[in-house]
């Protein structure tokens, strides 16, 4: 399957790429075995994600899903960001090849990891079930 124009656009022109100084939450997911590592940074003001950045080491799909995920949570409340699903990211990119779906799972988990870090740093209570670790299916083939 060829990649959609949106996947190619977000890969070639990633949005919100880079590190963020003094981030309110940082999430890092993935592993070197799988080859994809995502680091996401969020800035939160009054419960709203006012800025978000990412660094991704991985394939084009990993970069595209990270870029799209940052676009989808910017300006949203922290609670809304937790609702972001890998399926929504894939749909926003007009689809991904089946063997690249794990990249969108990592993007979802990176957002959640950044929010969890924000909650932890600010002593905000939360339901640990919200942050249950998913397994990257690609890493266990």
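Read-outs throughout are calculated quantities, based only on the coordinates presented, and are distinct from any laboratory measurement. The model shown is predicted, which means the values in this text are computed figures rather than measured ones. Don't worry about glycine lacking a Cβ; one is built from the backbone with ideal geometry, like all the others, and counts go over all protein chains shown.
Given the Cα-Cα distance of residue 5 and residue 48 and 0.36 nm per residue of separation, how much length would full extension add, in nm?
Length gained, residue 5 through residue 48: 12.5 nm.
Modelling each spin label as a point 7 Å along the Cα-to-Cβ direction, I'd like the residue 94/residue 59 distance in nm, to one decimal.
Distance between label points: 2.0 nm.
Using a Gaussian network model of the chain whose springs link C-alpha atoms within less than 10 Å, name the residue from 112, 19, 43 with the highest mean-square fluctuation.
It is 19.
Could you please rank 45, 36, placing first whichever residue has the fewest other Cβ atoms within 10 Å of its Cβ?
45, 36
Give the calculated FRET efficiency between residue 13 and residue 131 to the nearest 0.05, with a Förster radius of 22 Å applied to their Cβ-Cβ distance.
Computed FRET efficiency for residue 13 and residue 131: 0.10.
Quick one: among 86, 55, 122, which has the greatest mean-square fluctuation in a GNM of the chain with alpha-carbon springs under 10 angstrom?
With Cα springs under 10 Å in the chain, the top fluctuation among 86, 55, 122 is at 122.
Select from 40, 20, 68 the residue whose mean-square fluctuation is largest in a Gaussian network model of the chain (Cα-Cα springs shorter than 10 Å).
The residue that fluctuates most here is 20.
Using a 10 Å cut-off around each Cβ, can you sort 66, 4, 61 from fewest to most neighbouring Cβ atoms?
In order of increasing Cβ crowding within 10 Å: 4, 61, 66.
With r as the distance between the Cβ atoms of residue 85 and residue 122 and R0 = 30 Å, compute the FRET efficiency 1/(1 + (r/R0)^6) and round to 0.05.
Computed FRET efficiency for residue 122 and residue 85: 0.75.
How large is the helix-only mean residue ellipticity at 222 nm for the chain, computed as the sum of -39500 (n - 2.57) over DSSP H runs with n ≥ 4, divided by its residue count, in deg cm²/dmol to the nearest 500?
Helix-only estimate at 222 nm: -12000 deg cm²/dmol.
Hey, of (1) 0.97; (2) 1.22; (3) 1.09, which did the structure itself give for Cα Rg over 2.2 N^0.38 Å when calculated?
Read-out from the structure maps to (1).
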